[in-house]
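So the structure is just underneath, and the comments pick up after that.
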Amino acid sequence: MMSAIMIAANMCLQGGTAVDISLYVPATAVAIEVKVTMTSASGTLIVYSPGYEARPASFTKQGRFAVLPIAEPILCVKAIGGPFEFDMQVMPVEYED
């Protein structure tokens, strides 16, 4: 049990909560399209995939779409200027051959 908690904690190196998206994205996906709808006018939602910490997407009430590379079907989600409610949709856009 303790090792599973340590692995999950190490996934989001830049902070945030790990979200498993494997129910929505096939294992062969290498990139996803993310659409975020937010209730906050001033908050920012940071989303990145472990392994691609240098390529996060920032979402605001106006900036709602991004394409993110993924190494595995896990996203790290971090709210800045929150808490606030948001709805996030993911869709695979690129697959490995």
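Derivation of every value follows stated rules applied to the coordinates shown; laboratory data play no part. Keep in mind the model is a prediction, meaning the values are calculated, not measured.
GNM, the chain, Cα, under 10 Å: largest mean-square fluctuation among A41, A57, A66? Residue with maximal mean-square fluctuation among A41, A57, A66: A41.
Extents of the chain, largest first, come to 37, 35, 24 Å (Cα atoms, principal axes, whole angstrom). Take every pair of alpha-carbon atoms less than 8 Å apart whose residues are at least six positions apart; their mean separation over the length of the chain yields a relative contact order of 40 percent.
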